[in-house]
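Here's the structure, in structure tokens; my notes come after.
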Amino acid sequence: MDTHKHIQILFFFGLLLGTLVLVFFVFRPYLYPIILAAVFAVVFGPMHREISKFIGGKEGIGAFLTLVIIFLIIFIPLSFFGMKVFQESKSMYQYLSEPGRNVFEGEGVVTYIQGKIVNYLPSFSSNANEYARQGVDWIFSNFGSIFSGVTQFVIGLIIMFFSLFFFLKDGNKFKEALLAYSPLEDRFDKQILSTLANTAGSVVRGTLVISILQGILAGIGFWIFGIPNPALWGLVLVLIALIPAVGAMIVIIPASAYLFFFGNPLNPLFALGLLLWGILIVSMADNVLRPILIEKAVNIHPFIIFLSVIGGIQFFGPMGFILGPIIISLLFTFFHMYPELLKK
């Protein structure tokens, strides 16, 4: 290759790299909605194919009908649930923010434990109350930021639905374009795409759906047995259940202990009822549904998945519970492909 041709190629790839960087920054504000749309396209792809087949192969109409179904079965219920959680959070914050309100007042388990500690550390009472109040102020001041920026949230939601529509409608075209432009052999490209689809689908079906279902069931149990703010604590359970190897009982057991120590003569029975509800209903939902919802499990050690979720959330934010396992799965796929590439 002559020098002039070599300079042309270097200049071309320099321009290409610079353009890709600029494109990244253009799409960066709405990167997460686009990624979420791609994940939903994987999960609801089979539904879209069946609908399109039923209406005579019209991909566009099938994609639109799929979006309508997703909106009806997911976003409308989540909107009502979010409003309920916001109301309960606001009510709890107002209760704890009243002048003179003691965070530890009442005959709850915290008061019982505090009384034992005060026997040895008399200064614990005032310090603990102040620390708890500061903690509550910090939690709810940050929690309020979730509900700010409504305009940005709405725009992101619109972009997600538009992206999802085109991913469903033209998904095969996008896939063919990736195969055509990739310098790898098609079998390696298909292996990478298959890993992405399997991991994203497994995380959503096996983690997100089950976590939401467990949160709903736990919230119903909290409401039946008299736990205050059941929707809020159901949301807490959903967030905790997103982390692999962390079961729903990490929320159920403290809630049962709260009922047991709370003074009402019937509460020990309620505490036992909530504990049994957690074991027989909430936890069993995970054990029964997980094998059904996961078509092809991610073949990675659970401890590595656990670290990928925690690290992904810390690095990427809320989307990290999906992106973390996807990146780890890609890494193992590349390790698997590496010996085959060396044979060429």
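The lone criterion from (1) under 17 Å from the mean Cα position of the chain (by Cα); (2) outside the structural domain of residue 48 (by TED's automatic domain parsing) left unmet by residue 188 is number (1). Taking residue 222 as the residue in question, decide whether it is at pLDDT 80 or above and buried (at least 21 other Cβ atoms within 10 Å of the Cβ). Taking the combined requirement at face value, the residue satisfies it.
Okay, residues lined up against (1) assigned to a helix (DSSP H, G or I); (2) at negative phi; (3) acidic (Asp, Glu); (4) not assigned by TED's automatic domain parsing to the domain that holds residue 269:
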| site | (1), (2), (3), (4) |
| --- | --- |
| 177 | yes, yes, no, yes |
| 215 | yes, yes, no, no |
| 220 | yes, yes, no, no |
| 224 | yes, yes, no, no |
| 227 | no, yes, no, no |
| 231 | yes, yes, no, no |
| 236 | yes, yes, no, no |
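The helices (runs of 4 or more DSSP H) located wholly in the range 19-93 that include 2 or more residues which are closer than 19 Å to residue 166 by Cβ and over 25 Å from the mean Cα position of the chain (by Cα) occupy 45-54, 59-70. Tell me, which residue of the range 53-69 that is touching a residue at least 24 places away in the same chain (Cβ under 8 Å) and among the small types (Gly, Ala, Ser) is surrounded by the fewest Cβ atoms within 10 Å (Cβ to Cβ)? Across the range 53-69, the extreme among qualifying residues is 60. Does residue 330 satisfy the condition of being more than 14 Å from the chain's Cα centre (by Cα), of a type outside the set (Ser, Thr, Tyr) and within 16 Å of residue 201 (Cβ to Cβ)? Answer is yes for this residue.
Of 281, 292, all but one fail to be part of a helix (DSSP H, G or I), assigned by TED's automatic domain parsing to the domain that holds residue 218 and modelled with pLDDT of 80 or more; the exception is 281.
The values are calculated or read from the model by the stated rules, or taken from the named source; none is laboratory data. As the structure is a computational prediction, the values presented were derived from the model and not from experiment. So basically every Cβ, Gly included, is an ideal-geometry build from the backbone, and we count neighbours across all protein chains shown.
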